[in-house]
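Read through the structure below, which is laid out as C-alpha cells, and then see the notes.
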Amino acid sequence: YVSVFRRKKFIFAGVFSTLFLISFLYALNWSKYRAFATVEVARPEISLEALETTASAAPSAEALADLKISRLKQTVFSTASLAEIIAKLDLYSAQRQGTPIAYIAQGMRNKIDVSLVSTSLANPASAQKATALQLSAIAFVISFEYSDPLKAQKTVNELVTRFLDQDLKERRKTAQATSDFLQAQIDILEG
C-alpha cells in the first residue's frame, strides 16, 4: 500500500483535493438556515361557555385559535405582503432580476412554516384529564428557511410583526363593531 501510494501520490492528491473542493462549494452554496419564532395565542376574554348556543355547535378553543391563525395567514402570506418583505429585506436579489415577484413570493411561501403548539404537546401527562379549553393552542411557531442566517431571522421578525399588527387591526375592528352595536341598542332603548 505504501509503495502504491508513493507512486500514485499525485493522483491521490488530485482526487482528494477535487472532492474536497466540490464538497466545500456545495456546503457554501446550498447551506440553508431556519429561523424560528414562537408567538403566544391569547386566551379569549369571553369564555366559550358564554358564547355557546348548543353543545354540539360550540367550537373548541383550539378550532377558534386555528381559525384565527388561518385568517391572519391569508393576509400576512398574501403576494403583496410577501413582496413588501422581499423588497424591504432584499431577499432573493438574484432571482428578482428576471423572475416575476408572484413566483418569488410563492417560493417564499413554501419556505415558511406555521405550526400550532398546544398544551397537550407541552405537557403530555396532563393532557388526558384536560378539558377542550385547556387543550387549546397556546402558541404557534413561525419558521423560515433561507441561505443567509441574519436575513432569515429578520424575515421571521417581520412576519411576527405583521401577524401581530394584523391581529391588532382585527381586534380594533371587532371592538368598534361591538361598540357600534351596543350604542345602537342603547339608542333603541332610549328612543
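Structure above, values below:
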| read-out | value |
| --- | --- |
| From L168, L164, residue being touching a residue at least 24 places away in the same chain (Cβ under 8 Å) and within 17 Å of R71 (Cα to Cα) | L164 |
| Total residues in segment 61-86, condition out of contact with any helix residue (DSSP H, G or I) (no Cβ under 8 Å at 6 or more places or on another chain), open to solvent by less than 60 Å² (accessible area, probe 1.4 Å) and at pLDDT 90 or above | 1 |
| Close pairs (7 angstrom Cβ cut-off, 6 or more residues apart or separate chains): open to solvent by 50 Å² or more (accessible area, probe 1.4 Å) in segment 87-112, assigned to a loop (DSSP other than H, G, I, E, B) anywhere | R109/F77 |
| Top-ranked residue in segment 109-151 [being at pLDDT below 80, part of a strand (DSSP E or B) and not β-branched (V, I, T); ranked as nearest to Q74 (Cα to Cα)] | A137 |
| Given (1) over 17 Å from the mean Cα position of the chain (by Cα); (2) surrounded by 10 or more Cβ atoms within 10 Å (Cβ to Cβ), number of the condition Y146 does not satisfy | (1) |
| Hits in segment 152-174 (condition: modelled with pLDDT of 90 or more and more than 20 Å from the chain's Cα centre (by Cα)) | R172, K173 |
| Number of positions in segment 113-122 that are open to solvent by 60 Å² or more (accessible area, probe 1.4 Å) and farther than 20 Å from V160 by Cα | 2 |
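Here is a yes/no grid of residues against (1) closer than 30 Å to V160 by Cβ; (2) part of a helix (DSSP H, G or I); (3) modelled with pLDDT of 85 or more; (4) of a type outside the set (K, R):
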residue	(1), (2), (3), (4)
F20	no, yes, yes, yes
L28	yes, yes, no, yes
V39	yes, no, yes, yes
R43	yes, no, no, no
I46	yes, no, no, yes
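The values are calculated or read from the model by the stated rules, or taken from the named source; none is laboratory data. The structure presented is a predicted model; accordingly, all values stated were derived computationally and were not measured. When we count neighbours, we look across all protein chains shown, and the Cβ atoms used for this are built from the backbone with ideal geometry, even at glycine. These area figures cover heavy atoms from the full protein model, side chains too; ligands, DNA and RNA do not enter into them. Shrake-Rupley method; radii C 1.70, N 1.55, O 1.52, S 1.80 Å.
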